[in-house]
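Below: the structure, in structure tokens.
FYI, it's all coordinate maths here, none of it is from the lab. Owing to the predicted nature of the structure, the values given are computational and were not obtained by experimental measurement. Heads up, the Cβs are rebuilt from the backbone with ideal geometry, glycines too, and the neighbour counts pull from every protein chain shown.
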Amino acid sequence: MLKNKAFRTNTEKYDAWFDKYCIAYDSELKAMKALGISGKTVEIGIGTGKFAKPLGINLGIEPTKEMYIKAIELGIDVIEGTAESLPLRSYVFDWVVMVTTICFVTDPAQSLKEISRILKKGGRCAIGLVDKDTELGRMYIAKKDKSEFYQEATFYSATEIINLLKNEGFQEIISWQTLTDTTLTTHEEPIEGYGQGGFVVISGKKP
């Protein structure tokens, strides 16, 4: 999991995105909430807690201290660590969540192995990402080299994440999408599936 310098030095700018694009942020939250996340949950790559707090998630993993200090200030418990080697016990969680984190993970397959390890039997994971095969995804990729936050990111398609989940043994895969309007100025309700919305959340069940 990358320790991106931009996240260490620009936490205020990172948080400001959610204020500037509050409509898109709200649409992303609605897509996450459509999954019905409940029970004992942890977010991997919790950042400043922008998703964890409204989703009612009280525990997170984050490698960047400058980011997770803000999450702690929101009342969230944070453990410093990375997705590839989670400092958590096995078979503990009902849900494991990653939102716009998979693009910064050094080894996605290993990260999903770790997620599977800490999930209870029948538990679910949720992976939220910008789908590179959508109009919004292509816009992000085109601007990637000029973005202080995304220069080191690797964007994935929904299909690639679904295949990674299947390879790790996850079943009953479902997805919700939003941000079909690339101006990010339209209040949107989540749509089942993927391929239209720039933001997609994909969930799989551990057998």
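For the chain, a Gaussian network of Cα nodes joined below 10 Å ranks L119, L129, L35 by mean-square fluctuation, and the top entry is L35. Within the shell of other residues whose beta carbon sits under 15 angstrom from the beta carbon of V92, the net charge comes to +3, with Lys and Arg scored +1 and Asp and Glu -1. Helices of the chain meeting both criteria, an alpha-carbon length of 15 angstrom or more along the long axis and an average Kyte-Doolittle score not below 1.6, with helices taken as full DSSP H segments, do not occur. With each label modelled as a point 7 angstrom along the Cα→C-beta vector, the K120-E80 pair spans 3.1 nm. Computed about the Cα centre, the dipole magnitude for the chain is approximately 500 debye when only Lys and Arg (+1) and Asp and Glu (-1) carry charge, each at its Cβ.
Distance from the Cα centroid of the stretch 46-88 to that of the stretch 173-194 is 25 Å (rounded to whole angstrom).
Taking a Cβ cut-off of under 12 Å around A71, the surrounding Lys, Arg, Asp and Glu residues balance to a net charge of -3, with basic ones at +1 and acidic ones at -1.
Give me the net charge for the shell around E172: Cβ to Cβ below 9 angstrom, other residues only, Lys and Arg +1, Asp and Glu -1. It works out to a net charge of +2. Each label point was placed 7 Å from the Cα along the Cα-to-Cβ direction; for Q196 and F18 their separation is 2.8 nm.
Per residue, the average separation of C-alpha pairs within less than 8 Å and at least 6 apart gives the chain a relative contact order of 23 percent. In this calculation the C-beta distance from I141 to K65 is compared with R0 = 30 Å, giving a FRET efficiency of 0.55. Tell me whether the stretch 13-135 comes out rounded, prolate or oblate; compute the Cα gyration tensor, take square roots of the eigenvalues as a ≥ b ≥ c, and use a/c under 1.5 as the rounded threshold. It comes out rounded by the Cα gyration axes. Just check the stretch 108-207 against the gyration tensor rule for me: Cα atoms, a ≥ b ≥ c as the square roots of the eigenvalues, rounded for a/c under 1.5, and otherwise prolate or oblate depending on whether a/b exceeds b/c. Oblate, since a/c reaches 1.5 and b/c is not below a/b.
Taking the chain as a Gaussian network of alpha-carbon nodes connected by springs under 10 Å, the highest mean-square fluctuation of the residues W95, W17, W176 belongs to W17.
Which of rounded, prolate or oblate describes the chain when judged by the alpha-carbon gyration tensor and an a/c cut-off of 1.5? Rounded, since a/c falls under 1.5. GNM on the chain, C-alpha springs below 10 Å: top fluctuator among P87, P63, P108? Taking springs between Cα atoms under 10 Å, the residue moving most is P87.
If both residues of a DSSP beta bridge must be in the chain, then about 50% of such bridges are antiparallel.
Helix-only arithmetic for the chain: the sum of -39500 (n - 2.57) across DSSP H runs with n ≥ 4, divided by the residue total, places the mean residue ellipticity at 222 nm at -9500 deg cm²/dmol.
Each of T106 and T159 was given a label point 7 Å from its Cα along the Cα-to-Cβ line. The distance between the two points is 3.0 nm.
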